[in-house]
Each structure stands twice: as structure tokens, then as C-alpha cells.
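Here's the structure, in C-alpha cells; my notes come after.
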Amino acid sequence: MSLLIGEPAVVLAGIGAVLIVVPRDWRVVLFGYALVTVMLSLLLSQVIPAEWALQQVIAGGLVAVMLFMSARQLRTPAHLARPRSQQWPRMASLTTFRGLAVGLAAIGFVAVRESLSLPNISPLFRDAILWLGLMGLMGLALHEEPLHAGLSLLTFLGAAQLIVFTLIQRRMLVGLLQGGQVLLGLAIAYLVLAHGLAPEPEGLAPEPEGLAPKPEGLAPKPEGLAPVPATRDEPDFSVFGGDAP
Amino acid sequence: MIAGPVLLLGLLLVAAVALYVLRRFESLAAILASGLSAVIAVALWRLPLTVPTILAGRPVHLGRPFTWEDISLQVSPASRALLVFLFATAAVTFILAWRTYQGRTFYPFGMLLLAIWGAVVMLQPLTYTPMAIVLAAVLSVFLIQAGKPGETHGAWRQLLYPTLAVPLFLIASWYIDQAPLNPDDQDPYRIAGWLLIAGFVLLLQPAPLHVAFPAVASQAPPVVAAFLWTGGQSVTLFLLQRFLVTYPWLSEAVDSASWLLWLGVLTAVLAGALTSTQRRLGRMVGYAALYDYGILIVALGLRGTAGLPTAIWLLLTRTFSLLTMATGAAAVRHYMASDQFDHIRGAASRLPWAVIALIAGGFGMAGLPLTAQLSSRWALLQLVAENDRRWALLLILGAFGVLIGVVRAGQACFGELKFSPVERAPRALTLIAFLLVAAGVLLGLFPQLLTGPVAAVILPLSILEP
């Protein structure tokens, strides 16, 4: 493991960040996040005590597990029966386009890395911070799907942690940031489920044969007083699948 | 001796757990949540900060700090004023939420939100406070999404910007610590100033970072959205004020007053224009609230002897208008087929007081006569005109945009029912809508009723301690 500390860790973290932004497959994306988390932990062990840096792996691992469980819940037979383009995760851009964007970001990275100076930050850390920050922001710009966007946000925060923990070494701060990361992961996992459980977009669902085409606009409701839907706006957290709070 | 912050936060956490258990008995949960919030508001206002008092046989010292490693929590005179405002608003909001069907999980989650906002208000060091704001944003995700599958924009945007702001504050704290080591070098102050301003722009989310507003408005239950805006924005603006008082060099390093004025005017004008073009009730309410928020930022940017009292006055009156408008919108949205203007025709015949509340709240947002906002808005416009008349004109143009949007929404509620027959609003909802409208009109006619509360808040804010 100690062989990885230094340049290999930066390169692997960079590759992990690319895996979060470019591929569509959620398993590859989660693998990329796990890679970034472990490498960040190795890098952080250079500036803060190893036991504090280990918290990064623990927090990242918990986030990865939560996201894995959310993703697994979305792999229902009904969902898998949909055309691939309509399966979760639905992307707002093509993989080729995202790959091209990352390529352009790499050119930008090479162009500006020498001119960027951060206080008390070594050149190795500077490269890691710049690349992870770039990838995080690019992921936030390219993705509206919570899994990719959420992990991009956590990647950006990872870059920020490299700066913050280099400058400030306080146990309380490490604990607060890592705890916050777990809570962010929880919110992201919830949003992944909520987004993934969206009903199939209208017009894309296969029309059952023999049925008359749907009339335009809203169908008139039956006569008499319409029952008031007492739970229309009611938060019930049913996407968690458990007891509604 | 029990320290004030421990008692307050502990009580709120216990209440949140109890309300979560009781969530299926919504009436009971709403009344308990509202009652407890009201009791805490009164207790905070009445109990002395400097001397211990006996509560339930135990000595309690409200002003005593609670310290844990690097962080400490303390109820100061200024933070007490904001806490009283937050709890009083919550007491009203819980009742409104109960009668407008905003969801039964709102009560426990609302209590947790109050605990987090309370922690933000009491927390030291200041540079750690954005982390607590992120915690509040994480909790807001569950309230905004409200268990509905599908669109997640509102919840995601609510979470994104505060999270991005946290590193900026932490790096700024390092520069602030470095600055005294070399007093001749002003660079650390300048860099810290820019980092803090950038962080506050992300926390305040003025235009063009306002994207969370319409998304939250269209996705979240309206009264819940109004609660999130009222509480979240007042806490963030209070935090900004604490930063400006604690770090006096901040105003000089980056001319924060000028930034706030520009951002506030831009937000108000853009929001006013966008309010007039909306075709959905939720988004219209969102943009009207954004316009009002822009006005509040302008008031804080004015600073000086009159700027701060006007900002506090605006904060109080906008809460009335916002809650009135949100209650009307929530009732219409609940009983009609959807909140699209095309689908709410006939709402006025079945839900007359809800529609009146919607229109009266909207008029309040625009600052029209006979509404709570009139006097505070006029005071602000006079102050702005003293600086630059063009800015005042731009703010009035924004108000016209809000007015057009509200008139269009009100107009859409009239006529014959377009879709299914709709149940009449229950009496309790009618009574609540009537009371809100009447309170707004009363404050519009007698604005001096708020002189006492505003004066009570200004004094502690003027001696705000780091």
C-alpha cells in the first residue's frame, strides 16, 4: 500500500474521477468513487495522522454501500424490461461527448497546472486538487442524474479536503467533514432512488394493442364530488420501501 | 447547571423523536409541535440570559456557553432575538401545515430543522457554521422531495450550493488565522474577504444562482417551502451580519455593501420579470418570494443606521405575506387538479378564502397598500432612492412584475370549474385564511404595531458580539 502513496495515488485518483464522470454504468461509477476514496485517504495520510485519514475510507465506504443499495433497488424486472435508453440511469449526454469534454479538461489542466500556486501545497497535491476539482465541477455541469452528480460533488469535496487538511489539522474538523460526507451520501442515495423510480415518460411506454388512443388533455373525472386525495402532497418516504414515516 | 444551548437542542431532538412516533396522529403532532415552538419562543424571550433560573426544579443558565473541543454554542442577546422569531414562525407554520395537508413528517423534520438553525445561530467559530447550514440542506432534501418519485431538481439544487460554499469558508479561516502573523501584509485579508464573499454568494443564492427557488416552489409543498425560505434565509442573513461585525475588515476588503446592493437589485428585477410570465401557481409563488428576497438583500446592503432596522422590519412583514400566499397556494393546489393556471379555473367559487389569501399574500409581496409590506417597502424605497433613484425605479418595476403574476394567478381562479367538481374548503382552513388576510390588512393599516418587536431586535443586533 505504501508504494501507492505519492504519484501513483494521484494518477489512480484521477482515473477514478474520470470513471465517475464518463461511463454510464453505475457499477463502473461506484468503482471509480471507491478508487478516488482510497487514494484520497492515502494522500491525506501524508498531511494528517493515518488514523484520521482512515476516516475518509470509512466515510467513502459507507457512502458507496448506501449508493450500491439504492442502485440495487432500482434493478427490478419491470425496470429491466424497459428499452435500454429508458433504464436507470438516464443520461443527459452521450458517453462520447463526456469523454471529449474530459479530454478538453485534460488539455486545460496541462495548460494551467504550472501557473497555479496554492499556499503550503506541494506540486503533487496541487495536481490532484486541480484534476479532482475540475472533474467534480465537470460532473456537476454534465449530469443531472443524482448518482453521477452526487458523486461528482463528493469528488469536488475530496479535492477541497486535500487543501483544507493540508492547511488546518484539527481532529474536530476532520470528524465534522467526514460525518457531513456520510450525511450527504445519505441524501444522494435517497435522491438516486427518487429519480430512478420515476414513472416511464409518457409517449415512450408501448401502447397496448386494441386500446383507443388517449384523448388530449386531462380526462374528465366521474360525476359527483371528487374525493380529496389526502396524501397528494404528503411526504411518506415510500421510496425507502419501508414504513412510511 | 444546565447550559441554555444544551437544553434547547436536547429538547428539540427529543421532541423530534416523539413527533416522529406520533406522526400518524397528525392533529396531535401538529398541535404539540406548534405548542412546543410557542412555549420555547416565549421562554427564550422571557428568561434572563445573565442569571440562572430554576426550570422544573433544575438550575438553567440560558446564556452559559457549551463548549466541546473547537466548537462552542452560546445564546447571545442577538441570537436570542432570531431564535424567538424562528420559533414563533414555526408555531404558526405547523398549524398552517396541518390544515393545508403538507404531510405528517413535516413536524418531526421541522423540529430537527429548528435545532440545526438554532445551532447555526449559536455556533462559534463562525467559519464552521456553513457546515451546519449544509446539514439543514441535507434535511431539506427529504422535506422537498416528500417521498415523490420523479423530478429531483428542487432537492438537489437546495443541497448543491451550500455544499460548494463550505470549503471556501474553511480556507478563508486559515487566511484569517495567518493575517496577524504579518500585520504589514494585507493580502491574507483580501483573499479571505473574497473567499468569504464568494461563499456567501453561494449560501445566499441570489440571481443568477437562484435556480433552487423555482424548483423548490414547484416541487415542495408550498407551506413547507415558505418555512424553508423564511428560516433558511433569515439564518443566512444573520450569519452574514455576524461575519460583517466580527470581521470589520471584510467590508473594506471587498466592498460587501456594494455587492449586496447589486445582487439584491438584480435578483429583485429578474424575479419580478419572471413572476409575470409563470403559468404554474407553485413557480409563481417561488419567483414572488425570490423578488421579496432580493428586496431583503438590498436592505442588508444599505447598512448604515437605517438599513438594518428596515431589513428587520421587512423580515417580519414578509413572513406574514409569504405564509399567507403559501397557504392560499397550498389549498388551491391540494383541492384542484393541478397548479397549472389552466387547471385552477373555478377555484374561487369553491375555495374563496384560499384564493383571497393567495391574492392578498401576492399583493403583499408586491408591496401594495392595505398589506403588511407597504410601510416597510416604502421605507426601503426611500432609503434606496437616497443612494440612487434608478435602483428604486428598478425595484418598483420588479414589483409590477410580481403584481402582474399575482393578478394572472387570481384571474385564473375565477370562472366555472373546468374539470371535476371540487369539495368546498373546510371551515378550519377558511378561518385560517381569513385570519392571515385580516392580520395582513391590520398590519397594513397600523404598521406601528410592529415597532415594539423591531425595536426589541435592533438593540441586541446593534451590539452584536463576535
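Per residue of A:189-196, other chain Cβ atoms within 10 Å of the residue Cβ number 5 on average.
Inter-chain Cβ neighbour count for B:148-160, averaged per residue, equals 6 (cutoff 10 Å, partner chain atoms only). Residue by residue along B:102-111, Cβ atoms of other protein chains within 10 Å of the local Cβ number 3 on average. Out of every Cα-Cα pair that the protein assembly as shown contains, those further apart than 43 angstrom amount to 26 percent.
Counting only Cβ charges, +1 for Lys and Arg and -1 for Asp and Glu, the dipole size of the protein assembly as shown around its Cα centre is about 1300 debye. Averaging Cα coordinates gives a centre for region A:1-69 and one for region B:274-333; these two points are 43 Å apart.
Look at the alpha carbon pairs under 8 Å that are at least 6 residues apart: their mean separation over the length of chain B gives a relative contact order of 14 percent. Summary of the geometry: region B:26-90 and region A:125-189, compared by the centres of their Cα atoms, lie 35 Å apart. Could you state the number of Å between the C-alpha centres of region B:110-189 and region B:413-458? Going from one Cα centre to the other spans 33 Å. Rounded, prolate or oblate: pick one for region B:255-466, where a ≥ b ≥ c are the square roots of the eigenvalues of its C-alpha gyration tensor, a/c under 1.5 means rounded, and failing that, prolate if a/b is larger than b/c, else oblate. Taking the square roots of the gyration eigenvalues as a ≥ b ≥ c, region B:255-466 is prolate.
With the highest mean first, a sort of the peptides B:52-59, B:213-220, A:160-167, A:94-101 on other beta-carbon atoms found within 10 angstrom per residue produces B:213-220, A:160-167, A:94-101, B:52-59.
Since every read-out is calculated from the coordinates, none of them should be taken as a lab result. Predicted model, so just to flag it, every value in this text is computed and none were measured. Don't worry about glycine lacking a Cβ; one is built from the backbone with ideal geometry, like all the others, and counts go over all protein chains shown.
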